[in-house]
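Q: I'd like to ask you about the structure that follows.
Since every read-out is calculated from the coordinates, none of them should be taken as a lab result. In this text the structure is predicted, and so the values were computed from the model without any measurement. Every residue, glycine among them, receives a Cβ derived from its backbone with ideal geometry; neighbour counts consider all protein chains shown.
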């Protein structure tokens, strides 16, 4: 796997709208300004790609332009990092425009760049994983940098700051607090705090003990399921099969699976259906451990755990849950393809190698 370089003050970072184009709509103007302000506070220079602010309607009709923005970010040598605006549900539509472009693939392999986002961005992460580039399941522009409070959520801010360092080891610690999703993202909410709750559980081990090592691979649970089945969009599976983008059983060998559920909060029955598909795909036969993100607003936390535990016991897979990444607030950064150690006795998750090449 090819690691990108860390960010440093003065670097340009590209903002891309690869899923929803909502960042360019007028209702997000106050969030756009806030996100720019936050990036500049890190000493970074935001650079919006040509189509990133053309709005939801235009970008929904033109997946090729979304793909062109990602290409532009790789072709521009000023750009050192790429931040996704937000998620969505149809990023898979970009894949033919990217995977058929030999020049784009050449740039990805020869000039890897920091790439961060979550949710539907799982599609992009899996593409980059196929192309051999390490990426980061982490903060995006609208959800994190444009947080409406007076500052970013402290835990998320500290996570974003890891993009500017390159520690040989990093512990993914449990946040002492967690937050409910906002109901109002309008300009009226600027400067208002999210409702917070004390974290009373921390990391919870469903099954397993001792220390387990492996490389991280995963994403949004629904995105993984849709990639394997084409359940949401049948053409998605056709595209994934053509480019062999979904990890095979062999790809899962020795990996630590990480996944989390979206803001759609799938029912426990759907959650079980997703796990059954993972079983069919041979994932549970090959992985070393499972890391699960806290569900947004804590919805179905106990129900999910009860269902998952039955799979963990059946396949004897050490499993730790309630980890701060994905759709729940605050969120950490989970690096794809990076060596990680989990001590199930002490409930400690540690990234055990530098995530950047410098």
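Q: Provide the percentage of antiparallel DSSP beta bridges, counting only those with both residues in the range 171-351; round to the nearest 5.
A: Percent antiparallel among DSSP bridges in the range 171-351 is about 55.
Q: Points 7 angstrom from Cα along the Cβ direction at residue 242 and residue 103: gap in nanometres?
A: Using points 7 Å along Cα→Cβ, the separation is 2.1 nm.
Q: Whole angstrom only: what separates the Cα centroid of the range 198-260 from the Cα centroid of the range 50-100?
A: 23
Q: Separation of the range 272-308 and the range 113-154 by C-alpha centroid, Å?
A: About 21 Å separates the Cα centre of the range 272-308 from the one of the range 113-154.
Q: Could you check which residue among 112, 249, 168 shows the biggest mean-square fluctuation in a GNM of the chain with a 10 Å Cα cutoff?
A: Taking springs between Cα atoms under 10 Å, the residue moving most is 168.
Q: How high is the relative contact order of the range 107-192, in percent, with contacts defined as C-alpha pairs under 8 Å that are six or more residues apart?
A: Reported as a whole number, the value is 26 percent.
Q: If you don't mind, another one. Using a Förster distance of 30 Å, how high is the FRET efficiency between residue 12 and residue 350, based on the Cβ-Cβ distance and rounded to 0.05?
A: It comes to 0.40.
Q: Share of antiparallel DSSP beta bridges in the range 112-261, in percent to the nearest 5?
A: 25
Q: Along the Cα→Cβ direction, 7 angstrom out, place labels at residue 303 and residue 37. What is the inter-label distance in nm?
A: 3.9
Q: With an 8 Å Cα cut-off and a minimum separation of 6 or more residues, compute the relative contact order for the range 171-351 in percent.
A: After rounding, I find 34 percent.
Q: Right, something else. What is the calculated FRET efficiency for residue 250 to residue 197, with r their C-beta to C-beta distance and R₀ = 41 Å, to the nearest 0.05?
A: Using R0 = 41 Å, I get an efficiency of 0.50.
Q: In nanometres, what is the gap between the two model label sites at residue 209 and residue 177, each 7 Å from Cα along Cα-to-Cβ?
A: Each label point lies 7 Å from its Cα, and together they span 3.7 nm.
Q: When the chain is modelled as a GNM with alpha-carbon springs shorter than 10 Å, which of 225, 137, 315 fluctuates the most?
A: Checking each option, the largest mean-square fluctuation is seen for 315.
Q: Same structure again: Arrange 75, 203 by Cβ neighbour counts within 10 Å, fewest through most, would you?
A: The most exposed by this proxy come first: 75, 203.
Q: What's the extension gain from residue 285 to residue 60 if we count 0.36 nm per residue and subtract their Cα-Cα distance?
A: That works out to 77.2 nm of additional length.
Q: Next question, about the same structure. Once every DSSP H run of n ≥ 4 in the chain is given -39500 (n - 2.57) and the sum is divided by its residues, what mean residue ellipticity at 222 nm do you get, rounded to the nearest 500 deg cm²/dmol?
A: Computed mean residue ellipticity for the chain: -9000 deg cm²/dmol.
Q: A further question on this structure: Only bridges with both residues in the chain count here: give the DSSP antiparallel percent, nearest 5.
A: If we restrict to bridges inside the chain, about 40 percent are antiparallel.
Q: Now for a different question. Would you work out the relative contact order for the chain, in percent, from Cα pairs under 8 angstrom that are 6 or more residues apart?
A: Relative contact order, the chain: 21 percent.
Q: In addition: Counting other beta carbons within 10 Å of each residue's own, what order do 135, 192 fall into, fewest first?
A: Fewest to most other Cβ atoms nearby, the residues stand as 192, 135.
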